[in-house]
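Step one of this worksheet: look at the structure below.
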Amino acid sequence: MRIPHSILGLALLSTVFAGPARAQVVISEIEFTAGWIELTNRGTAEVDISKWSIYQATKTTGRPQNYWFAIPGELKLKPAEFVRVHWMKPIPTSNNDPTEIYTGETVFHFLFGLWAEPLDNTSGALALIASQNNNDMNTPSLIMDWVSWGTSGFKREDLAVTAGRWTKDSVAPAALVVPRPSLAYSYTHVGQRKSGADWFLDSSPTPKADNLGGAFARSYGTSCVTNQLPIANQITNGVPTKGHNDFWFGIDRTLSTSEFGLVMLGTANTKGILIPTLGCSLYLDLPPAVFEYVPTDGQGFSRWKINPDTVPGLAGFPIGSQWLVANFTTNALGFTNGFELQFYGGK
C-alpha cells in the first residue's frame, strides 16, 4: 500500500519550557456543540485544583472579553483522572459525580460579576489559573495552561507567553466544519511550552477519555553523520491521531541544494543495527519495507505528511521510520534517530 503524502514547509513549533515548575493538569479537550471543557492530570502525583479557576477570553465587541469560573468545592485530580466542566449549563438538582461540573448559567455563578460567553467554535482562548483572587489574575506564574484557537492576541495571552505556557502568535485550529469536531490536545508537550501544533480537530470527541485512541510517536536511538555532514534529527508535529490531518514526520533542519532526504519505513528496531562501514545504526529491521525520496519544499525541509484518517489499514499497527540524508557533492551520508509511529486505532 502506498501512503499518500505531501510536504509541509514548517519550522519546528515547539520550544522547551524554561519557566517555573508547573502542575501537570491541562485543558485536554473543548467540545463546542454540547459546550464542555475537559481537564486531565497528566502527571504522576495528585493535584489539588480546588482554588483554581478557568479563564475565558474572547474578542466579542461590546462584551468584557474576559471571564473566570471558580472550580467549586474540594477537587483533587489523581494521575490520569479527568474532569468535565459543562460551560454555561444549569446546575442539576442532584449530581453525585465530582468530575462532572456544571458552571450555572447566570452572572452569579461566575467570578467578579462578569458572567461568561458560550464557547465559540470560530475563535477564543481558555486558561487554567491557580487562583480565584482578583489580585492574582495578572500574575504569569499562576497561569497553569493556555490555548488560543482561530486567532491570537487575546487578553492575557501575553502573560501565558511570558509564563512559558504558550507560543507567541500561535493558533490552534478553529472547528469550522459541520458536524462540529472537538478541539483536542495531543499531550505532546505536557510540562513544556505549548503551541497550536499540539492541538487537532477530533471528529470523535472523547469525554473523560484520552484523545489519542492508542496513537503515539516515540523517538529512539540517536542521529549519526559521516564526513562532516551536519546532524539531522527526525521529528514529528504531534502524534497520528484521528482528525489530525496535518500530521507529519520529517527532518528538523533545512537541507542545502546539494542534499536530499530519503525516508525509510519498516519494523522498528529500537536497539539499532550497526553498519560498520559507516559507523551509524539503522533503526529498522532489514530490509525496510519502503524507501521514498522526499524532495525539499521552498524552505528546505523534507517532511512527509500523512492524514491518519485516510490510512485506516495502519490503525493500531506500529511502524518504524528513519531518514537518510545525503549530500550529492561530498558523498556524505547521515542517518536520523528512529521513530516508532502508531496511528489512531479507536472509533
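The values are calculated or read from the model by the stated rules, or taken from the named source; none is laboratory data. Just so it is clear, the model here is predicted, and its values are computed rather than measured. Here Cβ is always computed from backbone atoms with ideal geometry, including for glycine, and neighbour counts include all displayed protein chains.
Looking at residue 325, is it out of contact with any helix residue (DSSP H, G or I) (no Cβ under 7 Å at 6 or more places or on another chain) and surrounded by fewer than 19 Cβ atoms within 10 Å (Cβ to Cβ)?
Numbers: out of contact with any helix residue (DSSP H, G or I) (no Cβ under 7 Å at 6 or more places or on another chain): yes; surrounded by fewer than 19 Cβ atoms within 10 Å (Cβ to Cβ): no.
So residue 325 fails the test.
Looking at residue 255 and the list (1) within 30 Å of residue 185 (Cα to Cα); (2) in a loop (DSSP other than H, G, I, E, B); (3) at pLDDT 90 or above, which single condition is not satisfied?
Only one criterion is unmet by residue 255, namely (1).
Based on this model, can you work out whether residue 194 counts as modelled with pLDDT under 85 and under 17 Å from the mean Cα position of the chain (by Cα)?
Details: modelled with pLDDT under 85: no; under 17 Å from the mean Cα position of the chain (by Cα): yes.
Answer is no for this residue.
Please state which one of 227, 133, 138, 233 is surrounded by fewer than 18 Cβ atoms within 10 Å (Cβ to Cβ) and touching a helix residue (DSSP H, G or I) at 6+ places or on another chain (Cβ under 8 Å).
Values: 227 fails: touching a helix residue (DSSP H, G or I) at 6+ places or on another chain (Cβ under 8 Å); 133 fails: touching a helix residue (DSSP H, G or I) at 6+ places or on another chain (Cβ under 8 Å); 233 fails: touching a helix residue (DSSP H, G or I) at 6+ places or on another chain (Cβ under 8 Å).
Exactly one of 227, 133, 138, 233 is surrounded by fewer than 18 Cβ atoms within 10 Å (Cβ to Cβ) and touching a helix residue (DSSP H, G or I) at 6+ places or on another chain (Cβ under 8 Å), namely 138.
Residues that are more than 16 Å from residue 240 (Cβ to Cβ): list the strands (runs of 3 or more DSSP E) wholly contained in segment 143-226 that include at least 1 such residues. Steps first, answer last, please.
Values: elements: 143-149, 182-185, 199-202, 216-220.
Where strands (runs of 3 or more DSSP E) fall fully within segment 143-226 and carry at least 1 residues being more than 16 Å from residue 240 (Cβ to Cβ), they are 143-149, 182-185, 216-220.
Taking the condition touching a helix residue (DSSP H, G or I) at 6+ places or on another chain (Cβ under 6 Å) and among the aliphatic types (A, V, I, L, M), does residue 172 pass? Walk me through how you get there before you give the answer.
Working: touching a helix residue (DSSP H, G or I) at 6+ places or on another chain (Cβ under 6 Å): yes; among the aliphatic types (A, V, I, L, M): yes.
So residue 172 passes the test.
Select from segment 30-59 the residues that are modelled with pLDDT under 95 and hydroxyl-bearing (Ser, Thr, Tyr) and list them in ascending order.
Passing the criteria: 44, 50.
List every residue pair whose Cβ atoms lie under 7 Å apart, where the two residues are 6 or more positions apart in sequence or sit on different chains, the first residue falls within segment 220-231 and is among the aromatic types (Phe, Trp, Tyr), and the second residue, located anywhere, is in a loop (DSSP other than H, G, I, E, B).
Pairs found: 220/337.
Quick one: residue 183 ticks every box in (1) surrounded by fewer than 22 Cβ atoms within 10 Å (Cβ to Cβ); (2) modelled with pLDDT of 90 or more bar one, so which box is it?
For residue 183, the failing item is (1).
Assess whether residue 113 counts as being on the phi > 0 side of the Ramachandran plot, of a type outside the set (Lys, Arg) and without any contact (Cβ under 8 Å) to a residue 40 or more places away in the chain.
yes
Given the condition in the same structural domain as residue 319 (by TED's automatic domain parsing), at pLDDT below 85, within 30 Å of residue 287 (Cβ to Cβ) and crowded, with 21+ Cβ neighbours inside 10 Å, answer yes or no: does some residue in segment 240-252 qualify?
First, pick out the residues of segment 240-252 that are in the same structural domain as residue 319 (by TED's automatic domain parsing): 240-252.
With at pLDDT below 85 added as a condition, the list becomes 241-246.
Those still in the list that are within 30 Å of residue 287 (Cβ to Cβ) too: 241, 244.
From the residues that got through so far, the ones that are crowded, with 21+ Cβ neighbours inside 10 Å too are 241, 244.
Checked against the condition, which is being in the same structural domain as residue 319 (by TED's automatic domain parsing), at pLDDT below 85, within 30 Å of residue 287 (Cβ to Cβ) and crowded, with 21+ Cβ neighbours inside 10 Å, segment 240-252 yields at least one hit.
Which residue pairs have Cβ atoms under 7 Å apart, sit 6 or more places apart or on different chains, and have a first residue in segment 238-256 that is basic (Lys, Arg) and a second that is at pLDDT 80 or above and not in a loop (DSSP other than H, G, I, E, B)?
So the pair list comes out as 242/202; 242/308.
Any idea which of 194, 155, 168 is more than 29 Å from residue 213 (Cβ to Cβ), assigned by TED's automatic domain parsing to the domain that holds residue 72 and in contact (Cβ under 8 Å) with a residue 40 or more places away in the chain? Walk me through how you get there before you give the answer.
Values: 194 fails: more than 29 Å from residue 213 (Cβ to Cβ); 168 fails: in contact (Cβ under 8 Å) with a residue 40 or more places away in the chain.
Just a single option satisfies the conditions, and that option is 155.
Report yes if residue 214 is at pLDDT below 95, surrounded by fewer than 21 Cβ atoms within 10 Å (Cβ to Cβ), closer than 25 Å to residue 139 by Cα and not polar (S, T, N, Q), otherwise no. So that I can check it myself, show each step before the final result.
Working: at pLDDT below 95: yes; surrounded by fewer than 21 Cβ atoms within 10 Å (Cβ to Cβ): yes; closer than 25 Å to residue 139 by Cα: no; not polar (S, T, N, Q): yes.
For residue 214, the condition - at pLDDT below 95, surrounded by fewer than 21 Cβ atoms within 10 Å (Cβ to Cβ), closer than 25 Å to residue 139 by Cα and not polar (S, T, N, Q) - is not met.
Read through the list (1) crowded, with 17+ Cβ neighbours inside 10 Å; (2) not in a loop (DSSP other than H, G, I, E, B), then give the number of the only condition that residue 296 fails.
(2)
Out of all the residues in segment 263-293, which are surrounded by 13 or more Cβ atoms within 10 Å (Cβ to Cβ), in contact with an Asp or Glu (Cβ under 8 Å, 6 or more places away or on another chain) and either among the hydroxyl-bearing types (Ser, Thr, Tyr) or not assigned by TED's automatic domain parsing to the domain that holds residue 320 (or both)?
Answer for segment 263-293, where residues must be surrounded by 13 or more Cβ atoms within 10 Å (Cβ to Cβ), in contact with an Asp or Glu (Cβ under 8 Å, 6 or more places away or on another chain) and either among the hydroxyl-bearing types (Ser, Thr, Tyr) or not assigned by TED's automatic domain parsing to the domain that holds residue 320 (or both): just 267.
Anything in segment 321-339 that is of a type in the set (Ser, Thr, Tyr), closer than 21 Å to residue 270 by Cα and touching a Ser or Thr at 6+ places or on another chain (Cβ under 6 Å)? List them, or say none.
Going through segment 321-339, the residues of a type in the set (Ser, Thr, Tyr) turn out to be 321, 329-330, 336.
Those still in the list that are closer than 21 Å to residue 270 by Cα too: 321, 336.
336, the sole residue that qualifies.
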